[in-house]
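Chemist: First the structure, then my questions, so here it is.
The values are calculated or read from the model by the stated rules, or taken from the named source; none is laboratory data. Owing to the predicted nature of the structure, the values given are computational and were not obtained by experimental measurement. Ideal geometry is used to build each Cβ from the backbone, glycine not excepted, and the neighbour counts take in all protein chains shown. SASA here: full protein model, heavy atoms, side chains in, ligands and nucleic acids out. Shrake-Rupley method; radii C 1.70, N 1.55, O 1.52, S 1.80 Å.
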Amino acid sequence: MASISAEKSNAIQDIFSRKKAVIGVIHCDAFPGAPKYRGKPVRDIIDRALRDAENYLSGGVHGLIVENHGDIPFAKPEDIGPETAAFLAVITEKIRERFGAPLGINVLANAAIPAIATALAGGASFVRVNQWANAYIANEGFIEGAAAKALRYRNQLRADHIRVFADSHVKHGSHAIVADRSIQELTRDVDFFEADAVIATGQRTGDSATLSEIDEIRVATELPLLVGSGVTPANVCQILGRTQGVIVASTMKVDGVWWNEVELARVKHFMSVAQAALEEA
């Protein structure tokens, strides 16, 4: 495969010290200012995130992503207030201090600059950005790729150590405006715009990418590839056989519902099933 961008060290190996990683997602409760916020004390929001972190890590996952998933409906990047990054940074720092696990940040929707600021303040190693290159029509409206502004901002902060995990053909939207270009071409654009890892997703939260889409993305880039939604005990070994990692949440929650708390028994079961694929790495 011809090189698309300058050669990079492997982000999965660098961050997690292993060839394949399972990353759990902490879906924070609604923050003050969000539509679903009902006055819960900030201390309680932090404690919930710490409980989820403990259950994930006690169950054997290798790292975590902290995100503001409770802030539904998500705002576009330019409409997200500074309070979101502030709350996330505090939560991230407390998780890092208590557990010392590798951490990532995702600020929804597609708020790469607040995510980088949060990662630097909270001690996280990477950010997830759903639309890194090109553009698409999301639930929030027209969403443009964040790479150009975000990389300049990261450089201003001297935060080049914070890696970028970027989605290809991201979920929750329509790609009609780039429909004349293949998934392989869109993936190459993510690579060309200096992402450090690529994420394949399904159509929505809890919906897995198809194996054919995973394979199509895989042949388009030499960057580490992860699957970022819909991974379950039933498909994790098959997916890890094709990728360098999975990002999981719903399947590890009580009753398999994303807004519930993380259930330790579910995490342990998932990791016991995934172990065979992880050991092959």
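Chemist: Restricting attention to the stretch 30-62, report how many residues are farther than 23 Å from Lys268 by Cα and assigned to a helix (DSSP H, G or I).
Modeler: Of the residues in the stretch 30-62, 5 are farther than 23 Å from Lys268 by Cα and assigned to a helix (DSSP H, G or I).
Chemist: Quick one: count up the residues across the stretch 53-85 that are touching an Asp or Glu at 6+ places or on another chain (Cβ under 6 Å) and within 30 Å of Lys20 (Cα to Cα).
Modeler: 1
Chemist: Taking into account only those residues within the stretch 1-18 that are open to solvent by less than 30 Å² (accessible area, probe 1.4 Å) and closer than 30 Å to Lys76 by Cα, which is modelled with the lowest pLDDT?
Modeler: If we take residues in the stretch 1-18 being open to solvent by less than 30 Å² (accessible area, probe 1.4 Å) and closer than 30 Å to Lys76 by Cα, then Ser5 is modelled with the lowest pLDDT.
Chemist: Continuing with this model, one more query. Tyr153 is checked against (1) under 28 Å from Gln184 (Cβ atoms); (2) surrounded by fewer than 21 Cβ atoms within 10 Å (Cβ to Cβ); (3) among the hydroxyl-bearing types (Ser, Thr, Tyr) and fails just one. What number does that condition carry?
Modeler: Result: Tyr153 fails condition (1) only.
Chemist: Quickly run through the stretch 19-29 and pick out the residues that are part of a loop (DSSP other than H, G, I, E, B) and open to solvent by less than 70 Å² (accessible area, probe 1.4 Å).
Modeler: Matches in the stretch 19-29: Lys20, Cys28, Asp29.
Chemist: A follow-up question, please. Is it the case that some residue within the stretch 67-81 is touching a residue at least 40 places away in the same chain (Cβ under 8 Å), open to solvent by less than 10 Å² (accessible area, probe 1.4 Å) and either closer than 27 Å to Glu279 by Cβ or of a type in the set (A, V, I, L, M, F, W, C) (or both)?
Modeler: No, there is no match, as no residue in the stretch 67-81 is touching a residue at least 40 places away in the same chain (Cβ under 8 Å), open to solvent by less than 10 Å² (accessible area, probe 1.4 Å) and either closer than 27 Å to Glu279 by Cβ or of a type in the set (A, V, I, L, M, F, W, C) (or both).
Chemist: Something else: Touching a Pro at 6+ places or on another chain (Cβ under 8 Å), within 28 Å of Glu140 (Cβ to Cβ) and surrounded by 15 or more Cβ atoms within 10 Å (Cβ to Cβ), is that true of Ala209?
Modeler: no
Chemist: Here's a follow-up. Go through Asp167, Asp180 for me and flag whichever is without any contact (Cβ under 8 Å) to a residue 24 or more places away in the chain and of a type in the set (Asp, Glu).
Modeler: Within the list Asp167, Asp180, the selection yields Asp180.
Chemist: Let me ask something else. Just checking, how many residues over the stretch 71-110 are within 23 Å of Gly228 (Cα to Cα), out of contact with any Phe, Trp or Tyr (no Cβ under 7 Å at 6 or more places or on another chain) and of a type in the set (Gly, Ala, Ser)?
Modeler: Total meeting the criteria: 5.
Chemist: Within the stretch 95-133, count every residue that is open to solvent by 10 Å² or more (accessible area, probe 1.4 Å), out of contact with any Ser or Thr (no Cβ under 8 Å at 6 or more places or on another chain) and assigned to a helix (DSSP H, G or I).
Modeler: Counting residues in the stretch 95-133 that are open to solvent by 10 Å² or more (accessible area, probe 1.4 Å), out of contact with any Ser or Thr (no Cβ under 8 Å at 6 or more places or on another chain) and assigned to a helix (DSSP H, G or I) gives 7.
Chemist: Output the residues belonging to the stretch 82-101 that are in contact (Cβ under 8 Å) with a residue 12 or more places away in the chain and within 18 Å of Gly63 (Cα to Cα).
Modeler: Leu88, Ala89, Val90, Ile91, Thr92, Glu93, Lys94, Ile95, Arg96, Arg98, Phe99, Ala101, listed by residue number.
Chemist: Just one of His161, His172 is modelled with pLDDT of 90 or more and open to solvent by 50 Å² or more (accessible area, probe 1.4 Å); which is it?
Modeler: His161
Chemist: Sort through Lys253, Lys268 and tell me the only one that's closer than 28 Å to Ile116 by Cα and either out of contact with any Cys (no Cβ under 6 Å at 6 or more places or on another chain) or buried (at least 23 other Cβ atoms within 10 Å of the Cβ) (or both).
Modeler: Going through Lys253, Lys268 in turn, the sole match is Lys253.
Chemist: Since Arg218 meets every condition but one in (1) in contact with a Leu (Cβ under 6 Å, 6 or more places away or on another chain); (2) surrounded by fewer than 15 Cβ atoms within 10 Å (Cβ to Cβ), which condition does it not meet?
Modeler: Checking Arg218 against (1) in contact with a Leu (Cβ under 6 Å, 6 or more places away or on another chain); (2) surrounded by fewer than 15 Cβ atoms within 10 Å (Cβ to Cβ), the one that fails is (2).
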